[in-house]
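First comes the structure, then the notes that go with it.
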Amino acid sequence: MKLPLSSGIQKAIFELFRGVKEGYSEELLSALVPIDKDLQSGDKLITYVPDWEMHEIWAFVDDFKTILDGLQNNQALKTRIEIMIYCHIMEADFPFSVLWNLSRILNQQQCEWTFSRITKKGKPSTCKYPGEKIGELKELSKQKGLLIGELLKQLWQANLRNAFSHSQYFFGADYFVGTRQFSPISRDANTSPYKTVRYSHEEINALYQGAYDFLFAFVRFYKFYIEPYKDGRIYRIQAGSIKWWKERGIWIWP
């Protein structure tokens, strides 16, 4: 299993923010402030739902990291918590959406806040799952030689997520073992029953650390690049003009 280093994760995320800031600075804020065009017909809303989600994700990860730091001799509990944190981070919508929009800007496309793809039949389809989002990011990355697509592909382990989230696993002496193809209850008839989903404690720890580094780097660069716009001045984004209302800590239409 090839996983990115912490330095590689930071480099890939920084590459996107810096690339847009240096080449398309007038578009950067459009990739950072979510706009909901569909909740109310004919209206554009500055939405704080993704921001609230991110606050909860960070609090969740921070709280459980405190528990992890206090564990000494319970390897199974440590691994369970690491998988839970890993899945929670890797299924978060907002980081993927911002990185997708930054990639779209670098590919001279408009920002969108409904993460979607074009199907083989040429129709738009909402990307609901991490694998779909990462697939779209990988395609955009290829076009500009960006690092983020391949990095996220390495970091995302759908088999681990699915086995854990559906309670289709057990712990052996040294391994997490997915059981879907072993159990007759939920086995996919088109897949070999001998296909093993297995991760060592060390591999899970590496995935957890990679996901944590990803979240930490994203939050760090997001805050750094959005902060200069919070000066009360009016800024143009693709959906209109906005400004930061410092007293209430929100974006508003001027």
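The values are calculated or read from the model by the stated rules, or taken from the named source; none is laboratory data. Quantities reported herein were computed from a predicted structural model and do not represent experimental measurements. Positions of Cβ are generated from backbone atoms using ideal geometry, with glycine treated the same way; all protein chains shown enter the neighbour counts.
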If you take the residues in the range 107-151 that are farther than 30 Å from GLY240 by Cα and in contact (Cβ under 8 Å) with a residue 24 or more places away in the chain, which one is surrounded by the fewest Cβ atoms within 10 Å (Cβ to Cβ)?
GLY131
Note on the range 142-180: residues over 20 Å from ILE89 (Cα atoms) and within 15 Å of the chain's Cα centre (by Cα) are none
Being part of a helix (DSSP H, G or I), over 23 Å from TRP100 (Cβ atoms) and modelled with pLDDT of 90 or more, is that true of even one residue in the range 146-159?
yes
Can TYR86 be described as out of contact with any Phe, Trp or Tyr (no Cβ under 7 Å at 6 or more places or on another chain) and modelled with pLDDT of 95 or more?
no
ILE204 - would you say it is crowded, with 19+ Cβ neighbours inside 10 Å, in a strand (DSSP E or B) and of a type outside the set (Phe, Trp, Tyr)?
no
Find the residue count for the range 120-141, including only residues that are among the small types (Gly, Ala, Ser), touching a helix residue (DSSP H, G or I) at 6+ places or on another chain (Cβ under 6 Å) and farther than 23 Å from HIS88 by Cα.
1
Does the range 169-176 contain any residue that is touching a residue at least 60 places away in the same chain (Cβ under 8 Å) and assigned to a helix (DSSP H, G or I)?
no
